[in-house]
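Each remark here refers to the structure printed beneath this line.
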Amino acid sequence: MSGVREIAFDTETTGFDAKGDDRVTEIGCVELIDFLPTGKTWHAHVNPQREISARVTEITGLTEEFLKDKPLFRDVADGFCDFVADSPMVAHNADFDRGFINAELERNAFDPYPRTRFIDTLILARHKFPGASNSLDALCKRFDISLASRSTHGALIDAELLAKVYLELKGGRARSFDLQSEETVVEIVVQAAQARPKPLAALLTSEEKTTHEKFIAETLGDNAIWKRSADYSGK
């Protein structure tokens, strides 16, 4: 595998004015290697030190009462920056999340992230599906990605959904399979073809089996991918 690391991330906020009074209330990050989640995530709720409207609570599920004892952004900034490191950052409508993250970073004497660090899945989707609805919800439905885990807009849940959408926008699981080394592909194929504990009864006649083996020998010879594994027994 090529080992390209990216971070799918999302923020929840008190509103839309990143440079004004609105603040980040939640951050969720998902590590991707070659477009696939590794299982490593980073998540934090943040005390915005301001009131939260009923409308925002309805959307995010976050209340002033819940957030009042959470850390301030300055207390989680190092952890966030360490997790992201120098990896590209994938976001849906990236200007929104970049604006809020950078505003919070600059308020706390951190360097802001340049626009070139960000990959915007909204832009990717608009190129791929011009004229269609390209919200995160719409893309999940288009790619048959379950929204069962999402009753409200949570940053980590949305980052996990975004990771799945991003993979599909970049070509789906077939693309991630192509990025793997030949040795890895061989092992995947061989593992998938391992014998069952209780083999199924053969449905081929002896004549059909002979015809098939002849076809494989004449067409692929020793180039059949399953023959390249040390575990191949010739059966």
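The values are calculated or read from the model by the stated rules, or taken from the named source; none is laboratory data. Remember, it's a predicted structure, so these values are computed and weren't measured experimentally. No Cβ is skipped: glycine too gets one built from the backbone with ideal geometry, and neighbour counts run over all protein chains shown.
What do you reckon, is PHE110 surrounded by 18 or more Cβ atoms within 10 Å (Cβ to Cβ), in contact (Cβ under 8 Å) with a residue 24 or more places away in the chain and among the aromatic types (Phe, Trp, Tyr)?
No, not satisfied.
Checking the structure you have, find out if any residue of segment 63-79 is under 25 Å from the mean Cα position of the chain (by Cα), under 24 Å from VAL165 (Cβ atoms) and assigned by TED's automatic domain parsing to the domain that holds GLY15.
Among the residues of segment 63-79, not one is under 25 Å from the mean Cα position of the chain (by Cα), under 24 Å from VAL165 (Cβ atoms) and assigned by TED's automatic domain parsing to the domain that holds GLY15, which makes the answer no.
Looking at segment 66-74, is at least one residue closer than 22 Å to THR152 by Cβ and touching a Pro at 6+ places or on another chain (Cβ under 8 Å)?
Let us first name the residues in segment 66-74 that are closer than 22 Å to THR152 by Cβ, namely 66-71, 73.
Pick out the ones that are also touching a Pro at 6+ places or on another chain (Cβ under 8 Å) and you get 67.
There is at least one residue in segment 66-74 that is closer than 22 Å to THR152 by Cβ and touching a Pro at 6+ places or on another chain (Cβ under 8 Å).
Can you tell me which residue among GLY15, GLY39, GLY3 is more than 13 Å from VAL90 (Cα to Cα) and without any contact (Cβ under 8 Å) to a residue 12 or more places away in the chain?
None of the other options fit; the residue is GLY39.
Residues checked against (1) at pLDDT below 70; (2) outside any helix (DSSP H, G or I); (3) over 25 Å from THR57 (Cα atoms); (4) not aliphatic (A, V, I, L, M):
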| site | (1), (2), (3), (4) |
| --- | --- |
| SER149 | no, yes, no, yes |
| HIS153 | no, yes, no, yes |
| LEU156 | no, no, no, no |
| LEU162 | no, no, no, no |
| TYR166 | no, no, yes, yes |
| ARG175 | yes, no, yes, yes |
| VAL189 | yes, no, yes, no |
| ARG196 | yes, yes, yes, yes |
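Give segment 138-147 a look and list any residue that's over 14 Å from the mean Cα position of the chain (by Cα) and either of a type in the set (D, E, K, R) or at pLDDT 95 or above (or both), or say none.
Residues satisfying the conditions are ALA138, LYS141, ARG142, ASP144.
Listed residues VAL24, VAL46; which is at pLDDT 95 or above, buried (at least 18 other Cβ atoms within 10 Å of the Cβ) and within 23 Å of ASP137 (Cα to Cα)? Talk me through it step by step, then tell me what you get.
Details: VAL46 fails: within 23 Å of ASP137 (Cα to Cα).
Result: VAL24 is the single residue among VAL24, VAL46 that is at pLDDT 95 or above, buried (at least 18 other Cβ atoms within 10 Å of the Cβ) and within 23 Å of ASP137 (Cα to Cα).
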